[in-house]
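Have a look at the structure below before the remarks.
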Amino acid sequence: MDSAQNIIGVLLSVFIQAIDSNGTELDQRGSYTHELVFRIQNLEDFIKYTEPKEGEKVPEVDYLLVSTLVSISISTVRGIVFSRTQGTSLGSVILPIVDPKKFLEPVNILNEEK
C-alpha cells in the first residue's frame, strides 16, 4: 500500500487440485498467484492509523473498501485461471463463487461486519 500515491494491492493465491468423479485426488495440480493493484482516489480517507507500540504506526483499511477490492480481485482471477487452464491437463477450471468475507481475516481491517 502506498497511501501517498493512492495505491493499494491485493495478493491472491489459488491452488487447484484435480479430482476424479469419485472425489479421488489426481496428480494434476496447479497454483496461481496474482497481485492486483488499484488506484483509489482519496485512499487516505479509508485508512486509520493505530499505534500498538509507541512509535509504530499500523494502517487499518476500511472494511467495505477491502471487501470490494477482494471481490473484484476474485472475479478477475477467476477469469484468468479459467483462460489459462483451457487446453491443459486440468481442463477449464472454474473457480467457485465465494464470499469475500472469508478472505478478510487479517486484524488490520476497520468496521468489520459480523
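Structural remarks
- Considering only GLU56, GLU44, GLU35, the mean-square fluctuation computed in a Gaussian network model of the chain, springs between alpha carbons under 10 angstrom, is largest for GLU56.
- Cα-Cα separations in the range 3-110 greater than 21 Å, expressed as whole percent: 49 percent
- Between 0 and 90°, nearest 10: helix 63-85 axis offset from the chain longest Cα axis: 30 degrees
- Estimated purely from DSSP H runs of n ≥ 4, each contributing -39500 (n - 2.57), the mean residue ellipticity at 222 nm for the chain is -7000 deg cm²/dmol once divided by its residues.
- Two-site FRET efficiency, ASN22 against ASP2, from Cβ-Cβ distance with R₀ of 41 Å, rounded to 0.05: 0.25
- Using the Cβ-Cβ distance between LEU11 and THR88 with R0 = 25 Å, the FRET efficiency computed as 1/(1 + (r/R0)^6) comes to roughly 0.60.
Every number here is computed from the coordinates shown, using simple stated rules; none is lab data. Please read all numbers here as calculations on a predicted model, not as lab measurements. Note that each Cβ is placed from the backbone with ideal geometry, even for glycine, and that neighbours are counted across all protein chains shown.
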